[in-house]
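What follows is calculated from the coordinates using simple rules that are stated; it is not laboratory data. Keep in mind that what you see is a predicted model, and the values were worked out from it rather than measured. Don't worry about glycine lacking a Cβ; one is built from the backbone with ideal geometry, like all the others, and counts go over all protein chains shown.
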Amino acid sequence: MIALPEMSNGASNMIRKRTLLLVSLAVVIFLSLAFSQSSSPKRAVLLVSLDGLRPDYVTQADRHGLKIPHLRRLMEEGAHASARGVLPSVTYASHTTLVTGVAPAMHGVYSNRPFDRAPKPGEIWYWFADYIRVPTLWDAAAQAGYATGSVAWPVTVGATSIRFNIPEYARTRDLEDLKMVRALATPGLLSELEKSAGPYIIDVKQGLARDWSRTRTAAAMIRSKGTRFITVHLAATDHVQHDTGPFSRETLATIEETDKMVGVLRDAIHTLDPGAAVCIVSDHGFARVDHMLKLDAAFVKAGLITMKSPGDTLQTSEISDWVAMPWLASGSAAIVLKNSKDEAARARVSEVLRALASDPNNGIAEILDRQAIAKLGGTGEADFWVTMRSGFSTSASLNGPMVAVVKTHGTHGYSPANPDVNSFFLIAGQGIRKGANLGEIDMRRIAPTVARVLKVPLPTSEVAALDVGAR
């Protein structure tokens, strides 16, 4: 052992003072850095869903005579892609994938409506956030200290990580829904925002007026609450296409009006943060339809569903018993067995489905088995899946011929293998690659890409983020 020389009390005290001074300076520097990091504003991100927007409405705007300056400007300033969606390509399943980065089989929102083993009238949808079984972008952003907000995004009732939340809810489709939205929103928020944004409209028949109210409400939320990650759902583009079909005069006019809303929201988020990222997405595309296959009626006729009394639909009839039942999603239908272990029932259902698919007049594109369903990320509750061709949709009607010619309109819900239901992705902002065409992507890549821009983790995503230039 080496002996250290003894120090005088004066020298020892001087060293002790210097050490205390250095420690004090280090603490001050550490606290200053910590304070500056915690108080520095996080980059704002606006995520807007334009329900039912086909990619070619934007990428081929000139071909359709569309005047959409705000969307075109964002496309020039950022990166865009056509996104291959989920099974089924419907609003609620897709919107949940957009904020989780996983397929319906994993996130738990399997369609617009949960499967009902005893069908009854009523608008029972996946309204509530507790259906979602994996972390969302709101969860990740809130944990990172973001002020989060949302206006009318599906599956957000009771979402605890959305600080300023006005969820989508439409159980009764009348003014009772507005009362419920007020009650389900962040307490007092809707009434407060209405003072500057005007009345909040919920009537789906007033598609553009409803979207303008959502737009004004979201802009007011950004400005008054400083929401640096906010999601907004605009749905008029979906409603009008269901009524008149894709590329109709009414549809194109609605898209042009919606483009103005995008401009308002972009200006609002840039007022909060000039370097903000603006992300425009859609949940699915649209196909033109003029025929309907009455799949429920086919199952009744085959003896797979037994009713106590006749009715127009299964919802208005009383079901006595069933072996298998369609779970309709317009452009497709999951088929659920009452007892999935009943192999005799499975064989019987398979035979009925093969017979239906063998007739090209029925419009069936493909019958998926459990393995194919799992590969596409569809619900494990389904034993088969009937996917339709564009031009055909499924129908709940029990009356009339099995296949009916109907007035031309539009729908979705098809398999993601159908390019007509591809959705749109666009992101622009500081550091984002300009004018980049990313080609066709998997919809699940959108959430981790937004997470990367937010600089928050989303480790449960099933796929990697896109390289859009932001780090």
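With the requirement that a residue be part of a helix (DSSP H, G or I), within 30 Å of residue 367 (Cβ to Cβ) and over 16 Å from the mean Cα position of the chain (by Cα), what does region 417-462 give you?
419, 420
Give the number of residues within region 403-416 that are among the aliphatic types (A, V, I, L, M) and surrounded by 16 or more Cβ atoms within 10 Å (Cβ to Cβ).
In the first step, residues of region 403-416 are kept if they are among the aliphatic types (A, V, I, L, M); the result is 403-406.
Going one step further and asking which of them are surrounded by 16 or more Cβ atoms within 10 Å (Cβ to Cβ), we end up with 403.
Summing the residues that are among the aliphatic types (A, V, I, L, M) and surrounded by 16 or more Cβ atoms within 10 Å (Cβ to Cβ) in region 403-416 gives 1.
Out of curiosity, is residue 465 among the hydrophobic types (A, V, I, L, M, F, W, C) and part of a helix (DSSP H, G or I)? For residue 465, the condition - among the hydrophobic types (A, V, I, L, M, F, W, C) and part of a helix (DSSP H, G or I) - is not met.
Check whether at least one residue in region 238-253 is closer than 22 Å to residue 79 by Cα, of a type outside the set (A, V, I, L, M), in contact with an Asp or Glu (Cβ under 7 Å, 6 or more places away or on another chain) and surrounded by 21 or more Cβ atoms within 10 Å (Cβ to Cβ), and report yes or no. There is no residue in region 238-253 that is closer than 22 Å to residue 79 by Cα, of a type outside the set (A, V, I, L, M), in contact with an Asp or Glu (Cβ under 7 Å, 6 or more places away or on another chain) and surrounded by 21 or more Cβ atoms within 10 Å (Cβ to Cβ). Within region 267-311, if we keep just the residues that are in a loop (DSSP other than H, G, I, E, B) and under 22 Å from the mean Cα position of the chain (by Cα), the residue that is surrounded by the fewest Cβ atoms within 10 Å (Cβ to Cβ) turns out to be 276.
Scan region 185-219 residue by residue and report those that are closer than 24 Å to residue 122 by Cα and surrounded by 19 or more Cβ atoms within 10 Å (Cβ to Cβ).
Just the residues of region 185-219 that are closer than 24 Å to residue 122 by Cα, to begin with: 185, 200-207, 210.
Scanning region 185-219 gives 185, 200, 202, 207, 210.
Results for (1) acidic (Asp, Glu); (2) touching a helix residue (DSSP H, G or I) at 6+ places or on another chain (Cβ under 7 Å); (3) farther than 19 Å from residue 390 by Cβ, shown as yes or no for each residue.
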site	(1), (2), (3)
217	no, yes, yes
234	no, yes, yes
239	no, yes, yes
242	no, no, no
253	no, no, yes
263	no, yes, yes
284	no, yes, no
301	no, no, yes
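If you go through region 357-394 and keep only what is under 24 Å from the mean Cα position of the chain (by Cα) and either among the polar types (S, T, N, Q) or on the phi > 0 side of the Ramachandran plot (or both), you end up with 377, 379, 387, 390, 393, 394.
When each of 113, 54, 84 is tested for being over 12 Å from the mean Cα position of the chain (by Cα), under 20 Å from residue 380 (Cα atoms) and basic (Lys, Arg), the lone residue that passes is 113. Residue 136 falls short on exactly one of the conditions (1) surrounded by fewer than 23 Cβ atoms within 10 Å (Cβ to Cβ); (2) more than 25 Å from residue 267 (Cα to Cα), and that condition is (1).
Based on this model, can you work out whether residue 228 counts as crowded, with 19+ Cβ neighbours inside 10 Å, among the basic types (Lys, Arg) and out of contact with any Lys or Arg (no Cβ under 6 Å at 6 or more places or on another chain)? Give the derivation first.
Values: crowded, with 19+ Cβ neighbours inside 10 Å: yes; among the basic types (Lys, Arg): yes; out of contact with any Lys or Arg (no Cβ under 6 Å at 6 or more places or on another chain): no.
In short, no.
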